[in-house]
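First comes the structure, then the notes that go with it.
The values are calculated or read from the model by the stated rules, or taken from the named source; none is laboratory data. Remember, it's a predicted structure, so these values are computed and weren't measured experimentally. Neighbour counts run over all protein chains shown; Cβ positions are idealised from the backbone, glycine included. Ligands, DNA and RNA are excluded from the accessible area calculation, which covers all protein heavy atoms including side chains. Shrake-Rupley method; radii C 1.70, N 1.55, O 1.52, S 1.80 Å.
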Amino acid sequence: MATRPPRDVDLLGQADRAERAGDMITAAAALRAYVAEHPADARVRLRFARALVAAGERAAARAALAAFEAVPPPVALAADVHRALATLDELEGAVDAAVDRWERVLAHDVDDPEARTRLRALRPQAPAAAGGAAETLVSPEGLETLRFRLRRELGRGATAVVYLATDQTLGVDVALKVLHPQLASAAHADARRRFFAEGRIVAALRHPGVVAIYDVDERARVLAMEHVSGGTLRARLASTPMSTKELAATAASLLDTLAYVHARGIAHGDLKPSNLLVRAPGDVVLADFGAAELRDGAPTGDGPAGTPQYLSPERLRGARPTPASDLYAAGALLWEAAAGRPLRTHADLLRGALTSPALPPEARGALGPRLADLVASLVAEAPAARPPSAAAALSRC
């Protein structure tokens with residue numbers, strides 16, 4: 001007589017079959033029963049909430065997601081929880097709440113296409129500033145008395161917007177990072193402290209591979225930084241494939257900068273293509289130290305946890321940033337640059353896949369044997385299996 005599979009396997013299998021058939025009511029019922037027996041399973045709870053939304057049971061979906069307010073989800077799921085809540089907010093007409101949720105998704109991945117599309121649809125286009133280019137946004141509150149003239153927006157995240165601006169006193173272009181107005185109140189003192197902690201960390205660093213800080217103005221809630229006109233590495237990866245020469249130069253540039261930063265007791269904590277600026281092909285500049293960790297164990301705050309696609313396995317399990325986790329992220333960046341696709345997808349993260357796949361043959365060919373072996377060691381699952389330092393990794397480029 002055949003052994004009956006465990007009840008939870010039956011429930012998940014039933015949900016799989018129902019979802020494939022488009023029967024979301026049956027899928028939600030099976031997932032509801034599974035979650036009742038396994039309330040701590042965050043991945044299935046999120047899947048249950050999505051099934052409820054698809055079945056039209058919005059109140060029940062919100063109740064299922066409310067559990068994540070009491071016990072925050074794992075880092076790998078956080079963006080998708082915000083995504084589910086943003087979808088609910090939009091369906092219920094709560095536009096401001098939806099905007100806030102989509103911006104939280106962008107805090108995990110500033111290049112998330114769905115979040116960017118939804119924010120463009122939800123946020124009305126701001127009018128141009130007087131005398132500025134057509135794409136220039138109105139100066140945010142608090143900037144009208146400064147010496148900076150805003151020209152256009154370069155990017156935005158959950159805590160700040162970065163503008164291309166002209167310092168009218170010096171006559172030079174700068175990147176002006178402006179804390180969101182809603183975070184300037186006393187109720188958000190921690191967010192404000194983290195914002196300026198980043199400025200103080202970077203201002204103390206002197207290296208061509210670290211974006212320079214020119215001015216920190218807490219009253220006006222801005223950081224004035226070097227403007228690197230070559231755009232982000234994310235934009236570079238979206239264009240033509242890198243040559244072997246450019247891949248090697250990018251690896252050497254990034255590892256040289258990390259060796260400098262780590263030697264000064266700082267782990268960056270959020271290496272990703274949108275946080276690397278391109279000064280010239282193969283010459284990258286490290287920016288956005290909002291998730292940095294200091295060697296004395298004192299973090300800059302409870303700031304951004306990092307972007308899941310580039311987090312090391314130990315960080316996904318809740319560990320703080322370290323030089324070893326920065327090296328993993330550097331390897332993930334180089335893996336993506338050579339392969340033309342990310343090391344891990346959202347689906348991999350939802351499955352809890354932590355082991356890095358082997359480099360595709362064409363990526364190994366693009367990197368060359370020496371650099372390909374280095375990249376493979378950088379993305380090793382165990383920190384001890386990675387190079388002992390950025391300087392050691394640099395010597396292998």
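Close amide H partners of Gly290, meaning residues 5 or more places away or on another chain with modelled amide H under 5 Å apart, do not exist here. Among Val178, Val53, the order of accessible area from largest down is Val53, Val178, computed with a 1.4 Å probe on protein heavy atoms.
Placing unit charges on each Cβ (+1 for Lys and Arg, -1 for Asp and Glu) gives the chain a dipole about its Cα centre, and among Pro241, Thr322, Ala385 the Cα reaching farthest toward its positive end belongs to Ala385.
Sorted from greatest to least, the principal axis extents spanned by the alpha carbons of the chain come out as 81, 52, 42 Å. Positive end of the dipole of the stretch 1-102 (Cβ unit charges, origin at the Cα centre): among Ala94, Val53, Ala21, the Cα lying farthest that way belongs to Ala21.
Sorted by accessible area (1.4 Å probe), largest first, how do Arg206, Arg83 line up?
Details: Arg206 175, Arg83 30 Å².
The ordering from most to least exposed comes out as Arg206, Arg83.
With a cut-off of 9 Å between beta carbons, the residues surrounding Ala338 carry a summed charge of -1, where Lys and Arg count +1 and Asp and Glu -1. To put it simply, the accessible area of the chain at a 1.4 Å probe is 56 percent carbon and sulfur. Computed from the C-beta positions of Arg264 and Glu92, the FRET efficiency with R₀ = 41 Å rounds to 0.30. Computed over protein heavy atoms with a 1.4 Å probe, the accessible surface of the chain works out to 46 Å² per residue. Considering only Gly368, Gly209, Gly13, the mean-square fluctuation computed in a Gaussian network model of the chain, springs between alpha carbons under 10 angstrom, is largest for Gly13.
The stretch between Gln168 and Lys245 holds 23.8 nm of extra length on full extension. This uses 0.36 nm per residue minus the Cα-Cα distance.
Shown are Leu354, Leu77, whose ranking by accessible area with a 1.4 Å probe and every protein chain present, most to least, is Leu354, Leu77.
Between the stretch 167-237 and the stretch 361-397, what is the separation of their alpha carbon centroids in Å? So the two Cα centres are separated by 32 Å.
Based on Cβ point charges of +1 for Lys and Arg and -1 for Asp and Glu, what charge dipole magnitude is obtained for the chain about its Cα centre, in debye rounded to the nearest 20? Before the final figure, lay out each step's value.
On the way: 48 positive and 47 negative charges, 83 e Å.
Rounded to the nearest 20 debye, it is 400 debye.
Of Ile201, Ile266, Ile25, the residue with the greatest mean-square motion in the GNM of the chain, using alpha carbon springs below 10 Å, is Ile25. Between the beta carbons of Ala189 and Thr355, assuming R0 = 30 Å, the FRET efficiency works out to 0.15 to the nearest 0.05.
Can you give the net charge of the other residues whose Cβ lies under 12 Å from the Cβ of Arg236, counting K and R as +1 and D and E as -1? Let's see the in-between values first.
On the way: positive: Arg234, Arg279; negative: Glu246, Asp283, Glu336.
Computed value for this residue: -1.
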